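Before any comments, here is the structure.
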Amino acid sequence: MDRVGRHHRLTRSFATLLIALAIAGCGGTAAASPVPAPSSPAPDTSTIVASSAPSVGRPSASNPASAAATADIVGSWTRVQTCQEELAAFQQAGLASSEAYQWVTSNWVANASPRTSGFCDGAAAPTKHTHFFTADGTFGSRDANGQQVDDGDYTITAPGVLTFPTHASDFHYSGPTSVRYSIVGIELMFDVQVPPGCAKDPACADAYGWALSAFFKGKAWTRS
């Protein structure tokens with residue numbers, strides 16, 4: 001599916017510490033006086049170890065690569081989707097009148113002429129689409145023929161919340177493009193978090209127009 005604008009655009013020691021503590025505890029006393037020195041209790045290293053040990057497997061909102069690397073969303077996800085499902089998402093978000101021609105009609109209707117209604121008139125049949133998320137924070141999409149049609153990056157800002165910094169920047173939008181997601185088994189669902197009043201801000205409307213066109217509600221995405 002092609003688009004007008006931007007949607008489908010061709011366009012990351014712990015052992016050393018223990019050894020050091022052990023040496024410190026021994027104190028290097030091999031050359032000490034034969035008179036035994038009063039023994040002192042070994043230092044309690046439990047607190048030091050606990051505070052120095054690295055955290056494993058916990059995504060950090062301040063480190064996109066770390067968050068992406070441990071995310072359950074990493075991989076490819078595919079579903080069959082329709083123009084009517086996409087249009088319904090724009091209508092529900094209040095963005096149909098301003099954004100549906102650019103983001104819906106242009107994706108689904110060949111040689112579409114500008115319009116203010118009937119956005120899915122002449123739309124293509126239901127079509128397979130795929131999104132992929134890599135461990136280094138790359139996001140992309142492929143059409144039914146396997147051709148890559150969108151690319152960018154993503155971050156995980158909270159458990160189950162994605163943002164797409166490059167896409168937001170492309171639309172000169174200063175806010176985040178927030179998309180919630182949930183995974184049950186091999187199925188993935190998205191929920192685009194369109195902010196109140198977005199339709200009145202052209203940059204917000206464009207950024208979230210892209211987000212809705214990519215992640216609109218419909219059938220579940222399946223790990224592929």
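Please treat every number below as a calculation from the coordinates, not as lab data. Owing to the predicted nature of the structure, the values given are computational and were not obtained by experimental measurement. Note: ideal-geometry Cβ built from the backbone for every residue, glycine included; neighbour counts use all protein chains shown.
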*Starting from the Cα gyration tensor of the range 64-223, multiply each eigenvalue by 5, take the square root, and state the resulting semi-axes largest first in whole Å.*
25, 19, 13
*With Cβ to Cβ distances under 13 Å as the rule, what net charge do the other residues near Asp191 carry (K, R +1; D, E -1)?*
+2
*Cα-based shape type of the range 131-224, given that a ≥ b ≥ c are square roots of the gyration tensor eigenvalues and the cut on a/c is 1.5*: prolate
